[in-house]
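**Q** Pasting a structure here, questions to come.
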Amino acid sequence: MIHPTPRVRFAPSPTGYLHVGGLRTALYNYLFAKKNNGTFILRIEDTDRNRYVEGAVENLITTLKWIGLNYDEGPDNSGEYSPYYQSQRLNIYKEYANVLLTQKNAYRCFCTAERLTQLREAQQKEKHQAKYDKHCLNLTQEEIDNKLETDTPFVVRLNVPEKKTIKFDDVVRQHIEFSSDTVDDQILIKSDGYPTYHLANVVDDHLMKITHVIRGEEWLPSTPKHVLLYDFFGWERPVFAHLPLLLNPDKSKLSKRQGDVAVEDYRGKGYLKESLINFVALLGWNAGDDREFYYLNELEEHFSLERVNKSGAVFNVEKLNWLNFEHLRQKPVSEVLLMLKEELSKTKFGKNVYTDNYLIQVIDAMRERVSFVKEYAEKSPYFFEAPEEYDTDIIKKRWKDDSPALLKKLADNISEFQANASKDDFEHALHKTAEEAGVGAGKLIHPVRLAASGMGVGPGVYDLLVVLGKDEVVKRINTAIEKIKI
RNA sequence: GGCCCCAUCGUCUAGUGGUUAGGACAUAGCCCUUUCACGGCUGUAACAGGGGUUCAAAUCCCCUUGGGGUCACCA
């Protein structure tokens with residue numbers, strides 16, 4: 001047994017931001033750890049110097065923390081197995097590469113880029129898989145020594161045995177077999193001395209006592225290489241679980257070209273962390289029932305690797321939007337209030353001052369009508385500023401010749417109110433006005449909505465009026481009577 | 001192209017030999033509401049195809065087809 005309790009890791013390459021596919025992988029690792037009293041580890045796979053991005057790690061950590069996936073061990077909290085940056089573990093990899101070299105399970109390759117390219121092109125012409133021809137495996141010790149003495153650049157390659165069947169088990173896909181003849185002599189140490197992913201991840205997973213490797217399906221074809229390494233070192237293999245891919249609408253692997261893929265993009269658009277987590281959790285996993293609404297702590301309770309699906313899942317923004325709506329409406333007003341204030345400060349209404357009490361009324365009125373906090377300002381700007389103009393279609397439809405006169409009477413009646421008039425007061429006033437004029441309530445309801453909001457849609461008209469308040473309503477009615485011409 | 005993985009409504013999925021194939025999002029209609037939403041009800045909509053195994057296959061096996069991933073001194 002590698003470790004008595006599960007130890008899992010999320011091991012991203014710091015390329016700049018957290019990809020939603022990465023989020024799903026991180027989440028499943030996290031959930032598996034939580035469910036099984038295990039340890040969740042963040043390890044930074046930064047062995048490619050060419051892809052170094054300034055601030056990428058910080059950004060990754062910020063996003064992970066924002067969304068609530070806290071790790072037990074990682075770069076910024078000294079764990080037992082530190083360092084958690086692969087770039088800081090270079091001599092460890094070198095040491096283990098030497099073990100393989102001594103065993104003859106790896107060998108130095110001095111081939112030039114040109115030779116490799118030629119080889120590859122020739123193989124492609126034959127319609128075969130590009131594969132190294134083990135040319136340098138046949139170098140004599142003398143030849144090798146000469147090359148080393150003259151500082152000829154070299155890489156270290158995995159010596160994949162011929163005609164062997166490489167077998168391994170996967171929690172998601174059960175049993176998988178590869179013929180070793182289809183496995184390339186993978187480079188383990190690059191000529192710059194840095195390891196490739198394949199060596200580094202195996203060595204680190206072993207050293208960090210990782211019990212379960214939970215990662216994306218794109219790693220499946222290279223897993224035989226990893227399995228070979230475990231076997232060569234004589235190490236116990238972790239349990240593998242290859243997760244189905246997250247897909248674009250056209251079913252290809254989720255990519256930047258077809259929409260947003262960075263978690264921070266979604267955050268920026270106003271998606272709640274709760275809905276992001278909930279949504280992504282359900283892309284490839286379900287508890288076996290009809291439940292679709294979960295909080296993170298509930299997922300921790302219900303998650304199991306065994307119920308992860310095999311096939312890829314399209315990232316369907318429509319459903320994400322629905323979940324955002326559901327999560328937003330579950331939030332206590334106090335929390336929505338905070339978010340609304342934050343949001344308003346970013347709009348043209350930011351300079352205005354609204355009391356908490358007022359904003360709470362706005363929230364109550366709009367609750368069932370918004371999926372995003374920013375929609376409070378977008379869908380009901382009239383709560384934050386009097387309308388500048390009036391929807392022309394609604395004017396055409398609802399503003400009649402008698403509207404100004406009727407509204408004037410309504411405004412007169414409303415003027416009689418106490419300052420703290422209730423919703424019922426507005427309703428009574430409207431019906432009374434209609435009755436006295438001998439018209440239906442609709443002759444007043446629609447024009448007064450238009451006058452007060454400039455729009456034809458919104459909360460119930462009495463909710464709208466009571467939130468705005470007596471004085472403001474009267475003022476807006478008078479303005480509308482002046483401004484609206486048919 | 002080689003290798004590997006996958007296959008239930010448009011999408012996410014339930015289903016583990018016997019179901020009128022269920023739910024959710026989306027979509028259409030109706031109800032509620034003199035608005036819009038919410039809510040409620042209803043509808044359209046799926047087992048890729050072909051062979052087996054079996055009294056019985058969405059469920060098990062094989063083939064075909066389709067889709068995807070991967071074949072770097074990237075991860």
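**Q** Residues that are more than 13 Å from RNA strand B (Cβ to nearest atom) and out of contact with any Leu (no Cβ under 7 Å at 6 or more places or on another chain): which helices (runs of 4 or more DSSP H) entirely in the stretch A:296-345 hold 3 or more of them? Break it down into steps so the answer makes sense when it comes.
**A** Values: elements: A:296-302, A:317-330, A:333-345.
Here the list reads A:296-302, A:333-345.
**Q** For the stretch A:384-406, give me the residue count where each residue is in a helix (DSSP H, G or I) and exposed (fewer than 15 other Cβ atoms within 10 Å of the Cβ).
**A** Within the stretch A:384-406, the subset in a helix (DSSP H, G or I) is A:392-398, A:403-406.
With the extra rule that they be exposed (fewer than 15 other Cβ atoms within 10 Å of the Cβ), the set shrinks to A:392-393, A:396-397, A:405.
Qualifying residue count, the stretch A:384-406: 5.
**Q** Being without any contact (Cβ under 8 Å) to a residue 60 or more places away in the chain and over 18 Å from the mean Cα position of the chain (by Cα) is the filter; apply it to the stretch A:6-43 and report the residue that is surrounded by the fewest Cβ atoms within 10 Å (Cβ to Cβ).
**A** Result: A:ASN37.
**Q** Are any residues in the stretch A:436-452 more than 9 Å from RNA strand B (Cβ to nearest atom) and among the small types (Gly, Ala, Ser), and if so, which ones?
**A** Across the stretch A:436-452, the qualifying residues are A:ALA437, A:GLY438, A:ALA451, A:ALA452.
**Q** Restricting to the stretch A:194-218, name every residue that is of a type in the set (Ser, Thr, Tyr), within 15 Å of RNA strand B (Cβ to nearest atom) and under 26 Å from the mean Cα position of the chain (by Cα). Spell out the reasoning first.
**A** Initial filter on the stretch A:194-218 (of a type in the set (Ser, Thr, Tyr)): A:194, A:196-197, A:211.
Imposing the further condition that a residue be within 15 Å of RNA strand B (Cβ to nearest atom) reduces the set to A:194, A:196-197.
Listed by number, the list holds a single entry, A:TYR197.
**Q** Select from the stretch A:99-114 the residues that are among the charged types (D, E, K, R) and surrounded by fewer than 14 Cβ atoms within 10 Å (Cβ to Cβ) and write down the one among them that is farthest from A:ASP231 (Cα to Cα).
**A** Narrowing the stretch A:99-114 to residues among the charged types (D, E, K, R): A:104, A:108, A:114.
Next cut, surrounded by fewer than 14 Cβ atoms within 10 Å (Cβ to Cβ) only: A:104, A:114.
Values: A:LYS104: 13, A:GLU114: 33 Å.
In this case the residue turns out to be A:GLU114.
**Q** Now, a different point. Given A:VAL457, A:VAL474, which one is within 13 Å of RNA strand B (Cβ to nearest atom), among the β-branched types (Val, Ile, Thr) and assigned by TED's automatic domain parsing to the domain that holds A:ASP412? Please lay out each step first, then the result.
**A** Working: A:VAL474 fails: within 13 Å of RNA strand B (Cβ to nearest atom).
Of the residues listed, the single one that is within 13 Å of RNA strand B (Cβ to nearest atom), among the β-branched types (Val, Ile, Thr) and assigned by TED's automatic domain parsing to the domain that holds A:ASP412 is A:VAL457.
**Q** Taking interchain pairs and intrachain pairs at least six residues apart, which have beta carbon atoms under 6 angstrom, with the first residue in the stretch A:279-294 and in contact (Cβ under 8 Å) with a residue 40 or more places away in the chain and the second of a type in the set (S, T, N, Q) and near RNA strand B (Cβ under 7 Å from one of its atoms)?
**A** Matching pairs, first to second residue: A:GLY284/A:ASN309.
**Q** Could you tell me how many of the residues in the stretch A:177-193 are near RNA strand B (Cβ under 7 Å from one of its atoms), part of a strand (DSSP E or B) and either within 19 Å of A:CYS109 (Cβ to Cβ) or in contact with a Lys or Arg (Cβ under 7 Å, 6 or more places away or on another chain) (or both)?
**A** Residues in the stretch A:177-193 being near RNA strand B (Cβ under 7 Å from one of its atoms), part of a strand (DSSP E or B) and either within 19 Å of A:CYS109 (Cβ to Cβ) or in contact with a Lys or Arg (Cβ under 7 Å, 6 or more places away or on another chain) (or both): 2 in total.
The values are calculated or read from the model by the stated rules, or taken from the named source; none is laboratory data. Note that the coordinates shown come from a computational prediction; the quantities given were computed from them, not determined experimentally. Counting neighbours? That spans all protein chains shown, and the Cβs are built from the backbone with ideal geometry, glycine included.
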